[in-house]
Amino acid sequence: MTAAAAPRVTAPPTSLRRFRPTAEAPVRLVCFPHAGGAATAYVPLAEALEPEVDTLAMQYPGRQDRRHEPCLDSVDALADAALEAVLGVADRPFALFGHSMGASVAFEVTHRLRREGRAPTALFVSGRTAPSCMRTDRVHLRGD
């Protein structure tokens, strides 16, 4: 039995990671991990979408190979930091995807991109209600 190969990583000196280089893909997808998550969470998605989609994942400061950098303490700070990296790969149609806290970051990055006149083709989110929806549940206050 052969061990699975480690993901091939080609990382420019930015906060984006590309695990399956697909330079000829007509569209890009930039993914934002959940709180406490890392870019490697999107390796299976990158494998599933290649070669049609060039999938990149945001690596937040304080995570994995950026562990020496201080963590950012707000969604706004993460979105501000991500904006330049996303603009750097916006040379073809692109979409953003975020899960849980990453959905909030992707949402905020989308607002910043719109102000720059560079809105993504689509914004996909999961694991998070819309910012306009008020949650009335108190799950976080329940016991184990």
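The values are calculated or read from the model by the stated rules, or taken from the named source; none is laboratory data. Because the structure is a prediction, the values reported are computed rather than measured. FYI the Cβ positions are ideal-geometry reconstructions off the backbone, even for glycines, and counts take in every protein chain you see.
Annotations
- Residue 136, sole failed condition from (1) in contact with a Pro (Cβ under 6 Å, 6 or more places away or on another chain); (2) not in a helix (DSSP H, G or I): (1)
- Failed item, numbered, when residue 64 is tested on (1) at pLDDT 95 or above; (2) surrounded by fewer than 17 Cβ atoms within 10 Å (Cβ to Cβ): (1)
- Taken over region 106-126, the criterion of being closer than 23 Å to residue 45 by Cα and without any contact (Cβ under 8 Å) to a residue 24 or more places away in the chain is satisfied by 110, 119.
- Restricting region 20-40 to residues that are within 20 Å of residue 65 (Cα to Cα) and among the β-branched types (Val, Ile, Thr), the residue that is surrounded by the most Cβ atoms within 10 Å (Cβ to Cβ): 30
- Filter result for the condition that a residue is of a type in the set (Val, Ile, Thr), closer than 27 Å to residue 129 by Cα and modelled with pLDDT of 90 or more, over 89, 75: 75
- From the list 40, 55, the lone residue that is among the β-branched types (Val, Ile, Thr), assigned to a strand (DSSP E or B) and touching a helix residue (DSSP H, G or I) at 6+ places or on another chain (Cβ under 9 Å) is 55.
- Screening residue 59 on (1) buried (at least 21 other Cβ atoms within 10 Å of the Cβ); (2) over 10 Å from the mean Cα position of the chain (by Cα); (3) among the polar types (S, T, N, Q) shows it passes everything except condition (2).
- Hits in region 67-107 (condition: touching a Phe, Trp or Tyr at 6+ places or on another chain (Cβ under 8 Å), surrounded by 14 or more Cβ atoms within 10 Å (Cβ to Cβ) and assigned to a loop (DSSP other than H, G, I, E, B)): 72
- A search for C-beta distances below 6 Å between a residue of region 38-49 that is β-branched (Val, Ile, Thr) and any residue that is surrounded by fewer than 17 Cβ atoms within 10 Å (Cβ to Cβ), counting only pairs 6+ apart in sequence or on different chains, returns 43/7.
- Residue within region 41-48 that is of a type outside the set (A, V, I, L, M) and crowded, with 18+ Cβ neighbours inside 10 Å present: yes
- Among residues of region 78-105 that are over 24 Å from residue 52 (Cα atoms), those with a Cβ under 7 angstrom from a residue that is in a helix (DSSP H, G or I) and among the small types (Gly, Ala, Ser), sequence gap 6+ or separate chain, pair up as 105/79; 105/82.
- Yes/no for residue 134 being modelled with pLDDT under 95, hydrophobic (A, V, I, L, M, F, W, C) and more than 19 Å from residue 15 (Cβ to Cβ): yes
- For region 114-130, the count of residues that are over 16 Å from the mean Cα position of the chain (by Cα) and modelled with pLDDT under 90 is nonzero.
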